[in-house]
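Engineer: Before I ask anything, let me first share the structure, which is written out below as structure tokens.
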Amino acid sequence: MKKIIGILLLGFTTIVYGQTNLISKFQKADSLIETNDLTEAYPILKNIEQQCNKKDTIYDYILWGYAYVVTQLEQENRMSEQFDSSLLYGLEALKLIGKGKSRFDREFAAKEYWMTKNIIVSYFGLGKIKKAEKHKKVLYKAYKAKKLPEGIDGYFNFSFFKWKDKNVWGYEWYPELPSDRFASSFTKIVYYVYSTNSDGSDNEQLFRFHVLMFHQNPKGAKFDYILERQMEKDGMRISGSYYKYLYKENIDYTKLKNDIIEILEKDIQPDSRRIIQTR
């Protein structure tokens with residue numbers, strides 16, 4: 001992104017006449033991006049995006065740089081669990097992507113769905129599950145219309161939190177609970193637990209928690225899903241169910257997260273154990 005801004009800048013400075021002030025400010029923002037001073041570049045780009053005529057040649061470059069900075073700030077805050085800030089940046093980025101959809105390529109337009117996913121994570125991090133539902137509906141609608149980009153077209157990340165020195169990621173699959181509970185296995189949600197590197201990034205996947213469909217006649221059933229832990233070790237998949245942690249089709253996400261944390265904190269082992277050779 002930084003190299004692109006620099007190259008594009010050389011192109012339009014000789015074309016755009018009478019925009020010296022905007023160009024000067026854009027150059028300053030570009031320099032700040034080069035040194036990764038994004039919080040300093042942010043107000044400059046926000047200000048000149050509002051000032052610049054949308055028909056002016058320079059506008060596209062300002063918009064692109066502005067969207068890049070806001071997207072990076074959203075990610076930084078989300079990964080550090082500063083969800084109040086990541087939500088604000090996410091909503092702002094979504095508006096900028098909307099402005100650029102018709103001006104840039106399809107790859108840029110696809111960022112709309114990725115940012116929608118990020119906003120969902122922020123709302124979940126704040127415990128505002130109902131507000132997240134509005135954005136989840138956008139993804140589900142696009143899934144049914146087969147409009148989602150690769151990487152988010154089968155499932156999406158809806159939750160992220162740190163537990164001690166571990167990263168915990170929640171992913172949700174789009175397909176709905178099957179009416180035939182015996183035909184096949186079905187997982188709606190998976191929480192992945194990773195050890196971390198010194199910089200806080202993911203290292204090794206330790207295990208994962210599946211919200212797994214329970215094989216039973218749904219008529220009169222008191223629950224639809226059971227929590228299961230799975231892990232890979234020495235060419236084997238070791239899994240087991242928790243009979244205490246049960247969920248209805250309309251999953252209580254707050255309870256689910258609290259259950260995951262309780263299991264981690266108390267090191268609760270599954271009530272059953274199954275081993276499958278994977279190699």
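Engineer: Taking the condition out of contact with any helix residue (DSSP H, G or I) (no Cβ under 9 Å at 6 or more places or on another chain) and among the charged types (D, E, K, R), does Lys130 pass? Outline the logic, then answer.
Structural biologist: Working: out of contact with any helix residue (DSSP H, G or I) (no Cβ under 9 Å at 6 or more places or on another chain): no; among the charged types (D, E, K, R): yes.
No, not satisfied.
Engineer: Here is a further query. Residues of region 182-229 being among the aliphatic types (A, V, I, L, M) and at pLDDT below 95, which ones? It would help to see each step written out before you state the result.
Structural biologist: Of the residues in region 182-229, the ones among the aliphatic types (A, V, I, L, M) are 183, 189-190, 193, 206, 211-213, 221, 226-227.
Residues satisfying the conditions are Ala183, Met213, Ala221.
Engineer: Taking region 252-279 only, how many residues are within 18 Å of Tyr192 (Cα to Cα) and touching a Lys or Arg at 6+ places or on another chain (Cβ under 7 Å)?
Structural biologist: Residues flagged as within 18 Å of Tyr192 (Cα to Cα) and touching a Lys or Arg at 6+ places or on another chain (Cβ under 7 Å) within region 252-279 amount to 1.
Engineer: Over 13 Å from Trp169 (Cβ atoms) and touching a strand residue (DSSP E or B) at 6+ places or on another chain (Cβ under 7 Å), is that true of Gln230? Steps first, answer last, please.
Structural biologist: On the way: over 13 Å from Trp169 (Cβ atoms): yes; touching a strand residue (DSSP E or B) at 6+ places or on another chain (Cβ under 7 Å): yes.
Against the criterion (over 13 Å from Trp169 (Cβ atoms) and touching a strand residue (DSSP E or B) at 6+ places or on another chain (Cβ under 7 Å)), Gln230 qualifies.
Engineer: Which of the residues belonging to region 137-187 are within 20 Å of Ala109 (Cβ to Cβ) and basic (Lys, Arg)?
Structural biologist: Lys137, Lys141, Lys144, Lys146, Lys147
Engineer: Here is a further query. State which residue is modelled with the lowest pLDDT when the search covers only region 40-72 and only residues that are open to solvent by less than 40 Å² (accessible area, probe 1.4 Å) and charged (D, E, K, R).
Structural biologist: Going residue by residue through region 40-72, those that are open to solvent by less than 40 Å² (accessible area, probe 1.4 Å) are 41-42, 44-45, 48-49, 52, 56, 58-59, 62-63, 65-67, 69-70.
If we keep only those that are charged (D, E, K, R) as well, we get 49, 56.
Working: Glu49: 94, Asp56: 86.
That would be Asp56.
Engineer: Moving on. So which residues in region 146-157 are within 9 Å of the chain's Cα centre (by Cα) and within 16 Å of Glu176 (Cα to Cα)? Don't jump to the end; show me each part of the working.
Structural biologist: Initially, region 146-157 is screened for residues within 9 Å of the chain's Cα centre (by Cα), giving 156-157.
Scanning region 146-157 gives a single hit, Phe156.
Engineer: Looking at the structure I just gave you, is Leu246 of a type in the set (A, V, I, L, M, F, W, C), closer than 17 Å to Lys188 by Cβ and under 21 Å from the mean Cα position of the chain (by Cα)? Write out each step before concluding.
Structural biologist: On the way: of a type in the set (A, V, I, L, M, F, W, C): yes; closer than 17 Å to Lys188 by Cβ: yes; under 21 Å from the mean Cα position of the chain (by Cα): no.
Against the criterion (of a type in the set (A, V, I, L, M, F, W, C), closer than 17 Å to Lys188 by Cβ and under 21 Å from the mean Cα position of the chain (by Cα)), Leu246 does not qualify.
Engineer: In addition: All but one of (1) more than 13 Å from the chain's Cα centre (by Cα); (2) in a loop (DSSP other than H, G, I, E, B); (3) touching a residue at least 24 places away in the same chain (Cβ under 8 Å) hold for Lys162; state the number of the condition that does not hold.
Structural biologist: (2)
The values are calculated or read from the model by the stated rules, or taken from the named source; none is laboratory data. Computed from a predicted model, the values in this text were never measured in an experiment. Positions of Cβ are generated from backbone atoms using ideal geometry, with glycine treated the same way; all protein chains shown enter the neighbour counts. These accessible areas exclude ligands, DNA and RNA; they are computed on the full protein's heavy atoms, side chains included. Shrake-Rupley method; radii C 1.70, N 1.55, O 1.52, S 1.80 Å.
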